[in-house]
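Participant: Sharing a structure, written as structure tokens. Questions coming.
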Amino acid sequence: MSSFVPIELVTEIIRRIGHNGFRELGPFIASGPEWRDMVFSAQVLREVCLDEFIFDGSLCNCDSPYRPFLLRCLVAENNTAKYVEGVRRAAQDGPSVESLDMLGEAAIKCIHSRFAFGVFLICCGSSSIGTKVLNSFMEKVPNFIEAVNIAEQVMTQIRQMGTPGKHAYRGFRGLIDIPECRLFHPTAPDVCEACFALTYVFQISDLC
């Protein structure tokens, strides 16, 4: 690298490139240790776009070649990394304070994490707090269909990750009352506002 270009300026350029997706940083990592160090700086990793991890849940798994990068982003306090690792731990390892903490921290800015935080809280027995979180989630989305789309994306992500199938959340307490719809809907989507929380609590308990 030319000594006439300040490292701070190049790092800022890399940071902005990272906003387009983490794969955009691959050529810089491959260019040598000086470039790699800039990519791995907290300044870059904290803001790099990790949306692909949301839309392909398998990328975060322990056998994924992309997991080391995700963990670097997690150390750098990347909000999406907190959500992705939080939902992976909750789904694959079962209930834990650590996974809920990650989801809760990420929920401030990540709408997917706000949904996941609410539903996993209910699954862990904190139905009152979880319901409040899901109510705040509903207030953040433009309409109910968008809420369902986000919820389905989270469930798809969990299925892509894979779960041990131990039904770790089957013993949750404080279950929400069965709604008037009785979970039956003659038209799509197969969920309504009354049964939204319960529908996904049941799905989590079956999957995880």
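Participant: Take V87 and decide whether it is within 19 Å of E12 (Cα to Cα), of a type outside the set (S, T, N, Q) and open to solvent by less than 70 Å² (accessible area, probe 1.4 Å).
Facilitator: Working: within 19 Å of E12 (Cα to Cα): no; of a type outside the set (S, T, N, Q): yes; open to solvent by less than 70 Å² (accessible area, probe 1.4 Å): yes.
Answer is no for this residue.
Participant: Still on this structure, please answer the following. Filter the range 38-65 down to the residues that are under 17 Å from E77 (Cα atoms) and either open to solvent by 20 Å² or more (accessible area, probe 1.4 Å) or aromatic (F, W, Y) (or both) and list them by number.
Facilitator: Those that are under 17 Å from E77 (Cα atoms) and either open to solvent by 20 Å² or more (accessible area, probe 1.4 Å) or aromatic (F, W, Y) (or both): F40, S41, A42, Q43, R46, E47, C49, D51, F53.
Participant: Now a separate question. Which one is nearest to I204 (Cα to Cα) among residues in the range 52-101 that are under 12 Å from the mean Cα position of the chain (by Cα) and β-branched (V, I, T)?
Facilitator: Per the stated criteria, the residue is V87.
Participant: What pairs come out if I take residues in the range 44-58 that are closer than 11 Å to I17 by Cα and pair them with residues that are of a type in the set (A, V, I, L, M) whose C-beta lies under 7 Å away, six or more apart or interchain?
Facilitator: V44/I14; V44/M38; V48/L25
Participant: Does the range 1-37 hold any residues that are of a type in the set (A, V, I, L, M, F, W, C), under 15 Å from Y66 (Cα atoms) and either open to solvent by 80 Å² or more (accessible area, probe 1.4 Å) or in contact (Cβ under 8 Å) with a residue 12 or more places away in the chain (or both), and which are they?
Facilitator: We begin by selecting, within the range 1-37, every residue of a type in the set (A, V, I, L, M, F, W, C); these are 1, 4-5, 7, 9-10, 13-14, 17, 22, 25, 28-30, 35.
When the remaining residues are screened for being under 15 Å from Y66 (Cα atoms), the result is 22, 25, 29-30.
Those that are of a type in the set (A, V, I, L, M, F, W, C), under 15 Å from Y66 (Cα atoms) and either open to solvent by 80 Å² or more (accessible area, probe 1.4 Å) or in contact (Cβ under 8 Å) with a residue 12 or more places away in the chain (or both): F22, L25, A30.
The values are calculated or read from the model by the stated rules, or taken from the named source; none is laboratory data. Treat the numbers as computed from the prediction; the structure is a model and nothing was measured. With ideal geometry, Cβ positions are generated from the backbone for all residues, glycine too; neighbour counts draw on all protein chains shown. Ligands, DNA and RNA are stripped out before the accessible areas are found, and what is left, the full protein with its side chains, is counted by its heavy atoms. Shrake-Rupley method; radii C 1.70, N 1.55, O 1.52, S 1.80 Å.
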